[in-house]
Every structure is written in C-alpha cells, then in structure tokens.
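What follows draws every value from the coordinates through simple rules; no lab data is involved. Please read these numbers as outputs of a predicted model, since none were measured by experiment. Don't worry about glycine lacking a Cβ; one is built from the backbone with ideal geometry, like all the others, and counts go over all protein chains shown.
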C-alpha cells in the first residue's frame, strides 16, 4: 500500500504534522511519497498544476495538507485541490486532509478540503486539525502556540494511521466522512473571504534598500515567491501575492522589511482571550472521522 502526501507549509507546521502522520503510516505498512509544494516555482505565481501532477506516483491514498488562514483552508491549497485529476489507475479514490491552525480556530478548513476532494470523486476517510505555532506571531512578545506541533500529536496521528491502514489493508470498510467534516460550515456561517480581510487589515511587504544587505534569505524562505531575486538583490514582485506568513521578517538579519504586524498580533491575542485561551494553552488538535461521533 502507498500514500502520496501533497502539502503546502509556509511556516513548517503542516509539514511536521504530515511527517508525524506519515511515520505512523509507514509503521502500518503504508509507504509514503512526500511532495512539498511550498515555494514551488511551477505553482508560484503561475499555477502550472500539471508539472506537479506529473511528479505524483501511483498511490492508494491521497494525503493533503495546508494551513488555516482566517478560518479558511489557505486559498492556494484549496485552488490546488479543486484542480486535482479524478481517481484513475494512478490517482487514489480515497483521501485524508490535514489542516494546521494557530490555536485560535480551525474554522472550516477541513470542510472546504473535504468538499473539494469529494467533488473530484474521492471518498474522504478523515481529517485532522493540528494546532501549530501561529506564523504571524513568531516575533511577538507572546508568540501563539510556540513549538507546536510536536510530540503532543503523536498519539492522535498514531490512531489516525491505524484507522487509515485498516481501510487500505481491507480490514475495515471505507466510510466517507465528508458530511461529518461539513458540520464545520454550520459552526462558522457567513465567513468573510480571507483575501478581503488581508487586503483591508494587513500591511503590505516592502524592502528597505538602505538596510538590506542582499543576503537573499527572504527570497529563500518566501513560500509563494512574492519576494524574488534580480541582479543579486531581493524585490517584491506583487504585494497581492504575499500571504503574510512572516517568514521574511523572521529570516531577515537586518530588519529591512518594514511590515509592522503589531496591530495584527494584538487582535489575535484578543481573539484568544475571547475563547478563554492563552498563547501557551494546551494543544487543541483533533482527529475527525471513523469512530468520531
């Protein structure tokens, strides 16, 4: 049996979750092919999906993962899922989705993933919401979910891997969890498009040429290739491409990217407080599917 894991992980949280789940799938006799599409030049910014699809090996399970952005599955991931080829001799007809969120709320990410996967002809076995470090608060005085995910999701991923392997090895019947995951839509009605929120509330990136030392670290870590290199210097291609992951802010040794996120950080802390949570509250990861009621 084989699984192909395709994931977008700007700050590494989704990748950690996929790898932990993959480790347990391997222990259950399911080999895993990993395809990290973060920063892939065939996807960002031009979206040439076919080149990614050509890298996919024949598999029995499609495992997909991405971050939650303002209660939604990140739009780059959702658009990718909506472009998937239908199941055939190469592409599996069974799928599992993983969404990483920064403690506040997983929103409707798994519901959106399940809807797209189901529309492509796949049976969605389960979904995992993984509590991860909130990418935009990594430089804040109170970073949210620092260090997550880690060993705390090991048991959860082990249980998911066992259930998945039981289906793939024909020990238990496959049951579609799409409707179960769709309950998230009922819990979060009338959500605003995350791109509208970002355009209205988030600062746009720029590079201070007087401070920049042209180390190109920002280019190396940009997950959507918003920042690229020309003649040895970094430049912002199009501010609308930026996903505000803060990777460039974390990487820049010169503080040459004047994108002030302090207002956003304060708002996120307020959202946490409304839920009775703190930046260091225990992991809120959850596994939805199979025997979950």
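Given axes a ≥ b ≥ c from the Cα gyration tensor, I'd like to know whether the range 1-130 is rounded (a/c under 1.5), prolate (a/b larger than b/c) or oblate. Walk me through the intermediate numbers first.
Details: a/c = 1.34, a/b = 1.14, b/c = 1.18.
Rounded shape, in that the Cα axes give a/c under 1.5.
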Open item on the list: If I model a spin label at residue 47 and residue 183 as a point 7 Å from the Cα along the Cα→Cβ vector, what separation in nanometres do I get?
Closed with: 3.3
TODO: Determine the calculated [θ] at 222 nm for the chain from helices alone, applying -39500 (n - 2.57) to every DSSP H run no shorter than 4 residues and normalising by the residue count; nearest 500 deg cm²/dmol.
DONE: -9500 deg cm²/dmol
Open item on the list: Quick check on the range 204-259: take the gyration tensor over C-alpha atoms, sort the square-rooted eigenvalues as a ≥ b ≥ c, and tell me if it's rounded (a/c under 1.5), prolate or oblate.
Closed with: rounded
Task: the chain: most fluctuating residue of 88, 193, 154 per GNM, C-alpha cutoff 10 Å - done: 88
Open item on the list: Springs between alpha-carbon pairs under 10 angstrom, Gaussian network model over the chain: which of 271, 128, 148 fluctuates most?
Closed with: 271
TODO: Tally the DSSP beta bridges in the chain and give the antiparallel ones as a percent, rounded to 5.
DONE: 30
TODO: Taking 7 Å along the Cα-to-C-beta vector as the label spot, tell me the residue 191-residue 57 distance in nanometres, rounded to one decimal.
DONE: 3.4
Task: Nearest 10 degrees, 0 to 90: helix 262-274 Cα axis against the chain principal axis - done: 40
- [ ] Divide, for the range 166-293, the radius of gyration over alpha carbons by 2.2 N^0.38 Å, where N is the residue count.
- [x] 1.49
Task: Calculated diffusion of the chain, Stokes-Einstein form, Kirkwood radius summed over Cα pairs, 37 °C and 0.692 mPa s, µm²/s - done: 167
- [ ] State the extension gain, in nm to one decimal, for the chain segment bounded by residue 215 and residue 31, taking 0.36 nm per residue of separation less the distance between their alpha-carbons.
- [x] 62.4 nm
- [ ] Can you tell me the 0 to 90 degree angle between the C-alpha axis of helix 154-168 and the longest principal axis of the chain, rounded to 10?
- [x] 40
TODO: Quick one: compute the contact order of the range 204-259, relative version, from alpha carbon pairs under 8 angstrom and 6+ residues apart, as a percent.
DONE: 49
Open item on the list: Taking 8 Å as the Cα distance limit and 6 or more residues as the minimum spacing, I'd like the relative contact order of the range 7-110 as a percentage.
Closed with: 31
Task: Rounded tilt (10° steps) of 13-27 against the dominant C-alpha axis of the chain - done: 30
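Does the range 17-73 come out rounded, prolate or oblate by the C-alpha gyration tensor, with a ≥ b ≥ c the root eigenvalues, rounded set by a/c under 1.5 and, if not, prolate when a/b is larger than b/c and oblate if not?
Note, shape of the range 17-73 comes out oblate.
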Open item on the list: For a quick check, take a GNM of the chain with Cα springs below 10 Å and name the residue from 198, 144, 104 with the largest mean-square fluctuation.
Closed with: 198
